[in-house]
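Report on the following structure.
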Amino acid sequence: ENIAPKGAFLYELASRNWINAYDDTEAKLTEVAKGLARLVKSGARDESVLPFERVAAKPDGVFVAVLPFENLSSDREQEFFSDGMTQEITAALAKVPGLKVIARSSAFQFKGQARDLHAIGRALGAGYLVEGSVRKAGDQVRITAQLVRSDDATSLWAESYNRQLTNIFAVQEEIAQAIVGALHVPLGLQGGQRLVSNRTGNLEAYQHYLRARALMNGLYFDEARKILEAVVVSDPGFAPAWAQLAIAYALLPTFTPVIRSGPVEEARRLIEAEWPKAEKAAREAIRLDPRLSIGHMALAFTLVQRANYVAADDECRTALSLDGGDPALLHIHGMLLGATGHLAEARRKREELRRLEPFIPIYNSVSATILRTGGDNKAALPMLEAARQPGAVGTLWTNAPLAQTYAAMGRFEEAADTILAIQESPFIRRQVLEQAAGMLRQAPGKLAGAETGPFLDEWLSWIYLYAGAPERALEGEERRVQIGLIDFFYNVWLPEYAAVRKTERFKALMRATGVVAYWKARGWPDLCRLEGDDDFVCR
């Protein structure tokens, strides 16, 4: 049951080497029961007998988390700057091969909280924590930082820096290298390489870049786009700004209601206006800095949207070779592998992502869905239940996959209730949610109007699997093909789509989205094989 036993109970199990219950099960379980009975009778309570951490298998590598630096500036509007310093140092440490750096978003779950370092370390799975503060006044910056061991809060290194803003990149580099030195981990840099790469001589542009990145983290893509467009005009050689601008261009249409439910022609015009700008910005970032992983990641994302999975996979793998610990990159590559049916590799990638970024609902929701492609609803369900988010976009992103899992388990009433908990927004109308919930309460069966009625929504199209119109479950993906904005269609590999995968409609979708071209270049996926000269079958 994936429990983490403690104290006397753990001691009993550990003293018997966890009891191999596969051989002579009844006798071994009896032995455990007798041992536990002795512990109960003796009233053993000492949890220090054998702490769990000392016998649990630990992952390879040194795990460290950078907690949000506190903003001590008199201007609270400078919060983006202290957050930016946290993110820059996190990114710098992630470049060190011997370090496993817990990603920014999970570490930021503890922003503004009273810090119990031991509890935070356990929650993040990090043996070491970096904390600090930033005070900015005009062109003067004071940064304090310390490295502590999370189990006992022992300080391993601490330093304060009083510098001019013009030296901000040197300070970031000093802090990162000092932390690596205190951890006794080799830097692993080649000649001329540095840990801090987001450098520019235009400090005003850099501060605007940090502000835009904070807006991107909050999903305010339109506001971030406007700032970044001004940044690349004022500093056209600043590669990271071009990469962030490419991501903003690529994501903006996804957050536009017309893409999901508007007329196909209008949606296509929007894509044709925005997508070329996204690709151009990504390629400019790579031209300026070929070793900038986020530039390759941005290009990969735009290539997927244009059904070019082969080139997107190449860009992902290039980016991973430059920064294998970037959670956004692991997220995108994991979805790419899942969408192309390379499910075992996708699940491994998602496990790696969850180790580095354990608290991000949308990541965990996607990871749970990809986990379900292996038929493991039992393990996926708690992840999905824990990932539920408030807010209009959040409830749609996380409640829909949860409801889908309930339905796959035959729990249709819970699925309907979960759908009704989604907040109405420009992305989905209350009428659609109520219709979807009503269909689930009648499932499974052949429902009146399911085959010919108005399409529900791409996030809810799976409901047709239980309404007697299974091929309609592909209509959301087919609409994306029509408007020219491909998404990561990993849902089609779930067990409940097994019958759909045998249809000609499914085959046409795989060809139109570029997935078949990917198979021919990269190898056939877990559930499909070549048949004849140019056909395939999927189980």
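Residues in the stretch 335-351 that are within 10 Å of the chain's Cα centre (by Cα) and either outside any helix (DSSP H, G or I) or under 10 Å from TYR490 (Cα atoms) (or both): how many?
Step one: filter the stretch 335-351 for residues within 10 Å of the chain's Cα centre (by Cα), giving 335, 350.
After this cut, where a residue has to be either outside any helix (DSSP H, G or I) or under 10 Å from TYR490 (Cα atoms) (or both) as well, the list is 335.
Qualifying residue count, the stretch 335-351: 1.
Among the residues of the stretch 360-372, are any touching a residue at least 12 places away in the same chain (Cβ under 8 Å) and assigned to a loop (DSSP other than H, G, I, E, B)? Full working, then the answer.
Here is the first cut: in the stretch 360-372, the ones touching a residue at least 12 places away in the same chain (Cβ under 8 Å) are 360-372.
Filter once more, keeping what is assigned to a loop (DSSP other than H, G, I, E, B): 360.
Scanning the stretch 360-372, I find at least one residue that is touching a residue at least 12 places away in the same chain (Cβ under 8 Å) and assigned to a loop (DSSP other than H, G, I, E, B), so the answer is yes.
Every residue in the stretch 501-515 that is open to solvent by 20 Å² or more (accessible area, probe 1.4 Å) and among the hydrophobic types (A, V, I, L, M, F, W, C), please.
Just the residues of the stretch 501-515 that are open to solvent by 20 Å² or more (accessible area, probe 1.4 Å), to begin with: 502-505, 508, 511-512.
Correct list: ALA508, ALA512.
If ILE168 passes every condition in (1) farther than 20 Å from VAL101 by Cβ; (2) touching a Ser or Thr at 6+ places or on another chain (Cβ under 6 Å); (3) open to solvent by less than 40 Å² (accessible area, probe 1.4 Å) but one, which one does it miss?
(2)
Being touching a strand residue (DSSP E or B) at 6+ places or on another chain (Cβ under 6 Å) and not β-branched (Val, Ile, Thr) narrows it down to one of ALA92, ALA123, ALA107, ALA137, so name that one. Steps first, please.
Numbers: ALA92 fails: touching a strand residue (DSSP E or B) at 6+ places or on another chain (Cβ under 6 Å); ALA123 fails: touching a strand residue (DSSP E or B) at 6+ places or on another chain (Cβ under 6 Å); ALA137 fails: touching a strand residue (DSSP E or B) at 6+ places or on another chain (Cβ under 6 Å).
ALA107 is the lone residue from the list that is touching a strand residue (DSSP E or B) at 6+ places or on another chain (Cβ under 6 Å) and not β-branched (Val, Ile, Thr).
Among the numbered conditions (1) surrounded by fewer than 23 Cβ atoms within 10 Å (Cβ to Cβ); (2) at pLDDT below 85, tell me where ASN71 comes up short.
With respect to (1) surrounded by fewer than 23 Cβ atoms within 10 Å (Cβ to Cβ); (2) at pLDDT below 85, ASN71 is out only on (2).
Looking at the stretch 285-297, is at least one residue more than 24 Å from the chain's Cα centre (by Cα) and hydrophobic (A, V, I, L, M, F, W, C)?
yes
Mind telling me which of the residues ALA300, ALA273 ends up being within 27 Å of LEU509 (Cβ to Cβ) and out of contact with any helix residue (DSSP H, G or I) (no Cβ under 7 Å at 6 or more places or on another chain)? Walk me through it before giving the result.
Details: ALA300 fails: out of contact with any helix residue (DSSP H, G or I) (no Cβ under 7 Å at 6 or more places or on another chain).
Of ALA300, ALA273, the one residue that is within 27 Å of LEU509 (Cβ to Cβ) and out of contact with any helix residue (DSSP H, G or I) (no Cβ under 7 Å at 6 or more places or on another chain) is ALA273.
Restricted to the stretch 205-236, and to residues that are of a type in the set (A, V, I, L, M), within 19 Å of PHE255 (Cα to Cα) and more than 22 Å from the chain's Cα centre (by Cα), which residue is surrounded by the most Cβ atoms within 10 Å (Cβ to Cβ)?
Residues of the stretch 205-236 of a type in the set (A, V, I, L, M): 205, 210, 212, 214-216, 219, 224, 227-228, 230-233.
From the residues that got through so far, the ones that are within 19 Å of PHE255 (Cα to Cα) too are 212, 214-216, 219, 224, 227-228.
Applying the additional criterion that residues be more than 22 Å from the chain's Cα centre (by Cα) yields 227-228.
Details: ILE227: 22, LEU228: 31.
Among those residues, the one meeting the criterion is LEU228.
Where in the stretch 415-525 are there helices (runs of 4 or more DSSP H), lying fully within it, with 3 or more residues that are of a type in the set (A, V, I, L, M, F, W, C), under 23 Å from VAL366 (Cβ atoms) and touching a helix residue (DSSP H, G or I) at 6+ places or on another chain (Cβ under 6 Å)? Steps first, please.
Details: elements: 430-442, 475-483, 504-512, 515-522.
Because the criterion is at least 3 residues that are of a type in the set (A, V, I, L, M, F, W, C), under 23 Å from VAL366 (Cβ atoms) and touching a helix residue (DSSP H, G or I) at 6+ places or on another chain (Cβ under 6 Å), the helices (runs of 4 or more DSSP H) in the stretch 415-525 that meet it are 430-442, 504-512.
Tell me whether the stretch 470-483 contains one or more residues that are open to solvent by 10 Å² or more (accessible area, probe 1.4 Å), basic (Lys, Arg), farther than 25 Å from GLU266 by Cα and modelled with pLDDT under 95.
no
Only one residue in ARG260, ARG306 is charged (D, E, K, R), more than 26 Å from THR200 (Cβ to Cβ), in contact (Cβ under 8 Å) with a residue 40 or more places away in the chain and touching a strand residue (DSSP E or B) at 6+ places or on another chain (Cβ under 8 Å), so which one is that? Quick ask: steps written out before the conclusion?
Details: ARG306 fails: touching a strand residue (DSSP E or B) at 6+ places or on another chain (Cβ under 8 Å).
Selected residue: ARG260, the only one of ARG260, ARG306 that is charged (D, E, K, R), more than 26 Å from THR200 (Cβ to Cβ), in contact (Cβ under 8 Å) with a residue 40 or more places away in the chain and touching a strand residue (DSSP E or B) at 6+ places or on another chain (Cβ under 8 Å).
Would you mention how many residues in the stretch 82-106 are part of a helix (DSSP H, G or I) and either open to solvent by 10 Å² or more (accessible area, probe 1.4 Å) or at pLDDT 80 or above (or both)?
If we filter the stretch 82-106 for residues that are part of a helix (DSSP H, G or I), which is where we start, we get 82-93, 104-106.
Checking which are either open to solvent by 10 Å² or more (accessible area, probe 1.4 Å) or at pLDDT 80 or above (or both) leaves us with 82-93, 104-105.
So the count comes out to 14.
Among residues belonging to the stretch 422-432 that are more than 23 Å from the chain's Cα centre (by Cα) and either surrounded by fewer than 24 Cβ atoms within 10 Å (Cβ to Cβ) or at pLDDT 95 or above (or both), point out the one that is nearest to THR254 (Cα to Cα). If you could, list the steps in order and put the result at the bottom.
Residues of the stretch 422-432 that are more than 23 Å from the chain's Cα centre (by Cα), as a first pass: 424-426, 428-432.
So of that shortlist, the ones also either surrounded by fewer than 24 Cβ atoms within 10 Å (Cβ to Cβ) or at pLDDT 95 or above (or both) come out as 424-426, 429-432.
Values: GLU424: 17, SER425: 14, PRO426: 12, ARG429: 17, ARG430: 20, GLN431: 22, VAL432: 19 Å.
The residue in question is PRO426.
Can you pull out every residue in the stretch 379-402 that is modelled with pLDDT of 90 or more, surrounded by fewer than 22 Cβ atoms within 10 Å (Cβ to Cβ) and not hydrophobic (A, V, I, L, M, F, W, C)?
Hits for the stretch 379-402 are PRO382, GLU385.
Can you tell me which residue within the stretch 129-165, out of those that are of a type in the set (S, T, N, Q) and open to solvent by 70 Å² or more (accessible area, probe 1.4 Å), is modelled with the highest pLDDT? Break it down stepwise before answering.
Within the stretch 129-165, the first condition is being of a type in the set (S, T, N, Q), and the residues that meet it are 133, 140, 144, 146, 150, 154-155, 160, 162, 164.
Now restrict to residues that are open to solvent by 70 Å² or more (accessible area, probe 1.4 Å): 140, 162, 164.
Working: GLN140: 86, ASN162: 89, GLN164: 86.
Ranking the candidates gives ASN162 first.
Consider VAL258 carefully, then state whether it is of a type in the set (A, V, I, L, M), more than 21 Å from LEU336 (Cβ to Cβ) and assigned to a helix (DSSP H, G or I).
Numbers: of a type in the set (A, V, I, L, M): yes; more than 21 Å from LEU336 (Cβ to Cβ): yes; assigned to a helix (DSSP H, G or I): yes.
Yes: the conditions hold for VAL258.
Which of the residues that make up the stretch 283-317 are of a type in the set (Asp, Glu) and within 24 Å of THR513 (Cα to Cα)?
Hits for the stretch 283-317 are ASP313, ASP314, GLU315.
For the stretch 367-376, indicate whether the set of residues that are surrounded by fewer than 23 Cβ atoms within 10 Å (Cβ to Cβ), among the hydroxyl-bearing types (Ser, Thr, Tyr) and on the phi < 0 side of the Ramachandran plot is non-empty.
The answer is no, given that none of the residues of the stretch 367-376 is surrounded by fewer than 23 Cβ atoms within 10 Å (Cβ to Cβ), among the hydroxyl-bearing types (Ser, Thr, Tyr) and on the phi < 0 side of the Ramachandran plot.
The values are calculated or read from the model by the stated rules, or taken from the named source; none is laboratory data. Please read all numbers here as calculations on a predicted model, not as lab measurements. Please note: Cβ atoms are built from the backbone with ideal geometry, for glycine as well, and neighbour counts cover all protein chains shown. Side chains included, ligands, DNA and RNA excluded: accessible areas come from the protein's heavy atoms. Shrake-Rupley method; radii C 1.70, N 1.55, O 1.52, S 1.80 Å.
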